[in-house]
Amino acid sequence: MKRYATLICLLVVTGAACCQAAPVGEETASLIGELMRSYERQGMFSGAVLAAEGGEIIYEEAFGDANRELKVPNAVDTRFRIASISKPFTQILVLQQVEDGALDLDGSIADYLPRYEGIAADRITIEQLLTHSSGIVGEWAVPELERIERVYHSRDELLEHIAGYTLWFEPGSRAGYSNFGYFLLAVIVEEVSGTSYADLLEERICAPAGMENTVIDVTTQLIERRAAGYHYHEERGFALP
């Protein structure tokens, strides 16, 4: 699902104020730089930082490698995978379709995606998918998830894969974080709008907001300035997912 619906954006980090009033301008920038270099030395940060004060950029710097194998350093315009931060984008697109009258929060998966053959498709609502209360299996309950995510799946292949799992719990009975549930939302949005997720993202969110460096992260496509995404394991260190 990450190959389908995950977005990549420029990472922006703002400096936080300390307990006492922070110095301004160059002094603040110096403190931010010292802090971030310390994090980098300890292997605790790799990315790009931008800090602004009074509408003026006072600090902008990149740290670490965008590709550890090839030793390609991060730059301030490197594009980073944002993983589940993409979910609010999906939420916005879903709620826009609700406002347009194309979706009903009380409608079921089966109402909008009749070819999906998963358990309880006629009972799981759009709202339950949005609030992670659908009962569709979550990532920590999926065996060999990292292996699954390394392989490209077409939309229909992934729908069939998700449909093969039993329910995690009865829909609406509790909450359980589900990436698969958000993949279903992305497909439903495409179905009711007649437009691809990528085009909807650009037309309904990115273009109006002036977001010129936000795109769909498709593993099988070359994307200019994209950083490789890494997982950190206590025993193995950094590794590609």
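So residue 154 fits all but one of (1) within 14 Å of residue 184 (Cα to Cα); (2) at pLDDT 95 or above; what number is the exception?
Exception for residue 154: condition (2).
When you go through 82, 109 one by one, which is the residue that is in contact with a Cys (Cβ under 8 Å, 6 or more places away or on another chain) and either buried (at least 21 other Cβ atoms within 10 Å of the Cβ) or more than 16 Å from residue 168 (Cβ to Cβ) (or both)?
Testing whether each residue is in contact with a Cys (Cβ under 8 Å, 6 or more places away or on another chain) and either buried (at least 21 other Cβ atoms within 10 Å of the Cβ) or more than 16 Å from residue 168 (Cβ to Cβ) (or both) leaves just 82.
Looking at residue 70 and the list (1) surrounded by 14 or more Cβ atoms within 10 Å (Cβ to Cβ); (2) at pLDDT 90 or above, which single condition is not satisfied?
(1)
Can you report the number of residues in segment 149-169 which are part of a loop (DSSP other than H, G, I, E, B) and either surrounded by 12 or more Cβ atoms within 10 Å (Cβ to Cβ) or touching an Asp or Glu at 6+ places or on another chain (Cβ under 6 Å) (or both)?
Qualifying residue count, segment 149-169: 6.
How many of the residues making up segment 207-231 are loosely packed, with under 11 Cβ neighbours inside 10 Å and not small (Gly, Ala, Ser)?
6
Provide a single number: the residues in segment 228-241 that are in contact with a strand residue (DSSP E or B) (Cβ under 8 Å, 6 or more places away or on another chain), farther than 10 Å from residue 68 by Cβ and either aromatic (Phe, Trp, Tyr) or modelled with pLDDT of 75 or more (or both).
4
Quick check, is residue 207 of a type outside the set (Asp, Glu) and either under 18 Å from residue 105 (Cα atoms) or in a loop (DSSP other than H, G, I, E, B) (or both)?
Judged against the criteria, residue 207 is not a match.
Any residue that is modelled with pLDDT of 95 or more, in contact with a strand residue (DSSP E or B) (Cβ under 8 Å, 6 or more places away or on another chain) and among the aliphatic types (A, V, I, L, M) - is there at least one of those in segment 38-48?
yes
For a quick check of your reading: which helices (runs of 4 or more DSSP H) sit entirely within segment 49-135 and have at least 2 residues that are free of Cβ contacts under 8 Å to residues at least 24 places away in the same chain?
87-99, 109-112
The values are calculated or read from the model by the stated rules, or taken from the named source; none is laboratory data. Keep in mind it's a predicted model, so treat the numbers as computed, not measured. Please note: Cβ atoms are built from the backbone with ideal geometry, for glycine as well, and neighbour counts cover all protein chains shown.
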